[in-house]
Amino acid sequence: MKVNVLALNSKIFLVAITLLTVSFFSASAQTAITVSTDKTSYTDGDTITISGKVTDQLHIPISMTIKDSSHNVAYIGQTNPNTDGTYSLQAVAGGSTWKTAGVYEVDVTYGGPDKTATTTFEFTSGPAQVQNQTNTTTPAIPEFGPLAVSIFAISIAVIITYAKMRPTFKI
């Protein structure tokens with residue numbers, strides 16, 4: 001009878017740990033960042049206004065990278081989000097790092113690889129063709145990052161500790 005009670009309590013314990021882990025994943029999935037540009041096309045010397053919003057304040061800078069279609073870095077910058085979660089950063093299109101015309105990608109990161117967003121725009125050598133049109137924002141898609149590893153490690157440690165205690169129940 002002791003074995004049956006212990007097996008039942010172990011299963012309940014494992015289910016509880018699983019639910020706890022899932023709730024932590026859900027909590028970490030709420031941090032997101034969005035990004036957009038003020039135009040869809042820029043030419044040499046144009047000012048690119050990059051803006052967006054974060055849902056949670058992590059009190060760290062937002063990192064931004066602009067890359068050409070060959071993934072060569074054309075611009076790197078950082079900014080801090082405002083108290084309402086919005087942010088804005090300006091970059092000047094053109095110069096020695098803007099080697100080719102084509103589609104450029106803006107990648108923003110806020111706190112880790114699971115909190116990123118991307119948008120694109122066209123860089124041309126002539127005048128910008130489309131003005132005042134905002135690109136679609138891409139929300140962050142959470143991944144199994146450092147928080148998940150920590151939760152998994154704690155769960156394993158608790159299971160091992162619980163198994164070593166081997167509680168006995170008398171009926």
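Taken together, the criteria place A74 among residues that are small (G, A, S), in contact with a Lys or Arg (Cβ under 9 Å, 6 or more places away or on another chain) and not in a loop (DSSP other than H, G, I, E, B). Only a single criterion out of (1) assigned by TED's automatic domain parsing to the domain that holds A117; (2) at pLDDT below 95 is not satisfied by A16, namely (1).
Report whether or not T40 is modelled with pLDDT of 95 or more and either within 18 Å of D107 (Cβ to Cβ) or over 21 Å from the mean Cα position of the chain (by Cα) (or both).
Values: modelled with pLDDT of 95 or more: yes; either within 18 Å of D107 (Cβ to Cβ) or over 21 Å from the mean Cα position of the chain (by Cα) (or both): yes.
Yes; evaluated as a whole, the condition is true for this residue.
The values are calculated or read from the model by the stated rules, or taken from the named source; none is laboratory data. All of these numbers come straight from a predicted model, not from anything done at the bench. Positions of Cβ are backbone-derived with ideal geometry, glycine not excepted, and every protein chain shown enters the neighbour counts.
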